[in-house]
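**Student:** One structure is given below, represented as structure tokens, and several questions about it will come after.
The values are calculated or read from the model by the stated rules, or taken from the named source; none is laboratory data. If you're wondering where the values come from, they're calculated on a predicted model, not measured in any experiment. So basically every Cβ, Gly included, is an ideal-geometry build from the backbone, and we count neighbours across all protein chains shown. Each accessible area value is taken on the protein alone, full model and side chains, heavy atoms only, with ligands, DNA and RNA left out. Shrake-Rupley method; radii C 1.70, N 1.55, O 1.52, S 1.80 Å.
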Amino acid sequence: MGLTSTGATGPGVCVAVDAGNSKTDVAVLDAAGRVLGAARGGGFQPPTVGVAEAVGGLERTVLSAADAAGVSPARFAHVSACLANADLPSEERALESALRDLGWGGTTRVANDTFAILRAGLPDDGSVRHGAAVVCGAGINCVGVAEDGRTHRFPAVGHLSGDWGGGSGLASEALWHAARAEDGRGGPTALARVLPAHFGLPTMYALIEALHLGELPMARKHEITPLLFGCAREGDPVALSLVRQQADEIVSLAVVTLSRLDLLETDSPVFLGGGVAAARHAELDSRLTEQLALRAPKATAHVVTAPPVLGAALLALDEARAPREAHARVREHYT
């Protein structure tokens, strides 16, 4: 159903939200695809801070974008929110209810943030309506859609649901191998030297102690993942094995998704997003291309480099049944 006029702000003023683990991007746009205002806020982490506080932080970012656009939230025709940590349908429903309770006008749709990457990758003319998307950023997740609208997804709540990798997971693996290399339980790896040196520490023991005692904030673990890829580039066998395992995991997610949607025998795009996947690491890319060709020969990988908020904005325009010119305009804005 199309969206109705919101008054002086013009027909179909929508709000697009991409809320990731580390940052939140919000755009207020009209039905012509013009971005009227935008704002950036902090990460969206309901499991860590609770739903109320996470939604409160998101609300502040949305209000900042609305203020920049000169739009009252009561005049929103539609809110399209693609949220990290909305990993289960029940979590999507709960977060959608929490956003509706804020009293913003119009309709609200909440989806896992991986759907933003999928929508950003798919063309706007409807020529391709199927495919898969894998996000490999701080964490890892995959969703897919078939031509008939069926979707496939994973719980994606971490180790509990069988997930492996992502920036946080790779950092933990790098620390584990480096610790064992130093104390003799594992084989040698340059990680044992590179990781503590990065933090100005002499040994892995000192790095472990600093992280354990909180002298070094655990949040700085994200700095380790680029070091891992650097060691892989230099040919370190342990680092290389972790990078290759990450590529294999990305391919496994995509292949299972395509299989469950009966798309393995159909030419299908696989869109890659997130900081790890979009960084174009040569070792990761070459392994990924090789394994995808072996396991899903009709699939083609495409890296989505546009900000994920673009996908949320396109979903909002889809809801508004906006013309293709509107989609083109907002794509131009973000690319």
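**Student:** Do you know which residues across the range 55-73 are in contact (Cβ under 8 Å) with a residue 24 or more places away in the chain, out of contact with any Pro (no Cβ under 7 Å at 6 or more places or on another chain), assigned to a helix (DSSP H, G or I) and more than 16 Å from Val110 (Cβ to Cβ)?
**Tutor:** Result: Ser64, Ala65, Asp67, Ala68, Ala69, Pro73.
**Student:** Scan the range 53-62 and tell me whether some residue there is open to solvent by 20 Å² or more (accessible area, probe 1.4 Å) and of a type in the set (A, V, I, L, M, F, W, C).
**Tutor:** no
**Student:** Here is a further query. Could you grab me the full set of residues in the range 191-209 that are open to solvent by less than 30 Å² (accessible area, probe 1.4 Å) and among the aliphatic types (A, V, I, L, M)?
**Tutor:** Leu191, Ala192, Leu195, Met204, Ala206, Leu207
**Student:** Let me ask something else about it. Do we find that Ala133 is modelled with pLDDT of 95 or more, small (Gly, Ala, Ser), surrounded by 18 or more Cβ atoms within 10 Å (Cβ to Cβ) and farther than 22 Å from Leu264 by Cβ in this structure?
**Tutor:** no
**Student:** Give the residue that is nearest to Gly274 (Cα to Cα), with candidates limited to residues of the range 167-185 that are over 27 Å from the mean Cα position of the chain (by Cα) and open to solvent by 30 Å² or more (accessible area, probe 1.4 Å).
**Tutor:** Ranking the qualifying residues of the range 167-185, first place goes to Arg180.
**Student:** A follow-up question, please. Looking at this structure, is Ala232 under 30 Å from Pro47 (Cα atoms) and part of a helix (DSSP H, G or I)?
**Tutor:** Spelling it out, it is not the case that Ala232 is under 30 Å from Pro47 (Cα atoms) and part of a helix (DSSP H, G or I).
**Student:** For the range 302-335, what are the residues that are under 22 Å from Ala279 (Cα atoms), of a type outside the set (Val, Ile, Thr) and touching a Phe, Trp or Tyr at 6+ places or on another chain (Cβ under 8 Å)?
**Tutor:** If the condition is that a residue be under 22 Å from Ala279 (Cα atoms), of a type outside the set (Val, Ile, Thr) and touching a Phe, Trp or Tyr at 6+ places or on another chain (Cβ under 8 Å), then His302, Ala306, Pro307, Leu310, Gly311 are the ones that fit.
**Student:** Open to solvent by 20 Å² or more (accessible area, probe 1.4 Å), of a type outside the set (A, V, I, L, M) and in a loop (DSSP other than H, G, I, E, B): is that true of Arg280 in this structure?
**Tutor:** So Arg280 passes the test.
**Student:** A follow-up question, please. Quick one: how many residues across the range 76-97 are at negative phi and surrounded by 18 or more Cβ atoms within 10 Å (Cβ to Cβ)?
**Tutor:** Total meeting the criteria: 15.
**Student:** Now a separate question. For a quick check of your reading of the model, give me the residue pairs whose first member lies in the range 22-39 and is outside any strand (DSSP E or B), whose second is among the aliphatic types (A, V, I, L, M), with beta-carbon atoms closer than 6 Å and at least 6 apart or on different chains.
**Tutor:** Matching pairs, first to second residue: Asp30/Val13; Ala31/Ala320; Ala31/Ala322; Ala32/Ala326; Gly33/Ala326; Gly33/Val330.
**Student:** Let me ask something else about it. Quick one: would you say Leu294 is in a helix (DSSP H, G or I), closer than 28 Å to Ala171 by Cβ and among the hydrophobic types (A, V, I, L, M, F, W, C)?
**Tutor:** Taking the combined requirement at face value, the residue does not satisfy it.
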